[in-house]
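First the structure, in the form of C-alpha cells, and then the observations on it.
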Amino acid sequence: MDKIKFLRTDFPALLRRLQPEQKGKWGKMNAQQMVEHLTDTLLVTNGKKHQRQELTPEQTEKARAFFLSEKPFRENTTNHLLPDVPPACVNATMEEAILEFERELKAFFDSFEHSQRTTVNPFAGEFGFNEWVHLLHKHFLHHARQFSLID
C-alpha cells in the first residue's frame, strides 16, 4: 500500500463519509471527536503541540518498536495522555473539523517531506518523516477500522 497516497488522498476522502455523531465499533469518541483527535495528533507531529515524554528508556524503546512494526493497534487501545471522556468538539461542524485536519496534514508534508526535520513522539522519541508516515498510516488505519471506513 502506498502510505503517502493513503494519508494525503484516500483517508481524507474516507472521512467525508462520516456523520459527526456517528459512533465507532469501539471506543467513546464520535466521528467528529475522532477527526479532531487526529488533528491533535498532527499538531504533535508538526511540533505545534508539545507533550512530554514520560516513559522510561525501556518503555520508549518498546513503544518505538511497536509503532514502527506492521502490527496494528488493538481495538480499545488506551492512550494515557487522553482524558477518559472525550473532550467536546472544538469545530462547529464536521466539515470544519475535516478542513482543519487537512490543513495540518498538508503542513506535515510541507515541513517534513524534503527535510531532515524531527519532532518528539511522546511515547517513542524523535521521529523523522519516514517514521511519522509509518505511524500516521497505522494510526489512521486504526480509526478507519473503528468507524467501519475499511475492513
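The values are calculated or read from the model by the stated rules, or taken from the named source; none is laboratory data. Keep in mind that this is a model prediction, so the values were computed, not measured. Backbone-built Cβ (ideal geometry, glycine too); neighbour counts: all protein chains shown. In case anyone asks, the SASA skips ligands and DNA or RNA and just uses the protein heavy atoms, side chains included. Shrake-Rupley method; radii C 1.70, N 1.55, O 1.52, S 1.80 Å.
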> Is it the case that segment 126-137 has a residue that's outside any helix (DSSP H, G or I) and closer than 20 Å to GLN22 by Cα?
Replying inline: no
> What are the pairs, 6+ residues apart or on separate chains, where a residue within segment 7-19 that is more than 13 Å from MET34 (Cβ to Cβ) has its Cβ under 9 Å from a residue that is open to solvent by less than 60 Å² (accessible area, probe 1.4 Å) and not in a helix (DSSP H, G or I)?
Replying inline: none
> Do the conditions hold for GLU75, that is, is it surrounded by fewer than 15 Cβ atoms within 10 Å (Cβ to Cβ), acidic (Asp, Glu) and closer than 22 Å to ILE150 by Cβ?
Replying inline: yes
>> Quick check on LEU55: is it touching a residue at least 24 places away in the same chain (Cβ under 8 Å) and either out of contact with any Lys or Arg (no Cβ under 9 Å at 6 or more places or on another chain) or exposed (fewer than 13 other Cβ atoms within 10 Å of the Cβ) (or both)?
In response: no
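Kindly evaluate HIS143 against the criterion of being surrounded by 18 or more Cβ atoms within 10 Å (Cβ to Cβ) and within 14 Å of the chain's Cα centre (by Cα).
Values: surrounded by 18 or more Cβ atoms within 10 Å (Cβ to Cβ): yes; within 14 Å of the chain's Cα centre (by Cα): yes.
Considered against the rule, which asks whether it is surrounded by 18 or more Cβ atoms within 10 Å (Cβ to Cβ) and within 14 Å of the chain's Cα centre (by Cα), HIS143 comes out as yes.
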> Within segment 21-43, how many residues turn out to be buried (at least 18 other Cβ atoms within 10 Å of the Cβ), out of contact with any Pro (no Cβ under 7 Å at 6 or more places or on another chain) and touching a residue at least 24 places away in the same chain (Cβ under 8 Å)?
Replying inline: 10
> Which ones in segment 105-126 are free of Cβ contacts under 8 Å to residues at least 12 places away in the same chain and closer than 20 Å to HIS50 by Cα?
Replying inline: LYS106, ASP110, THR118, GLU126
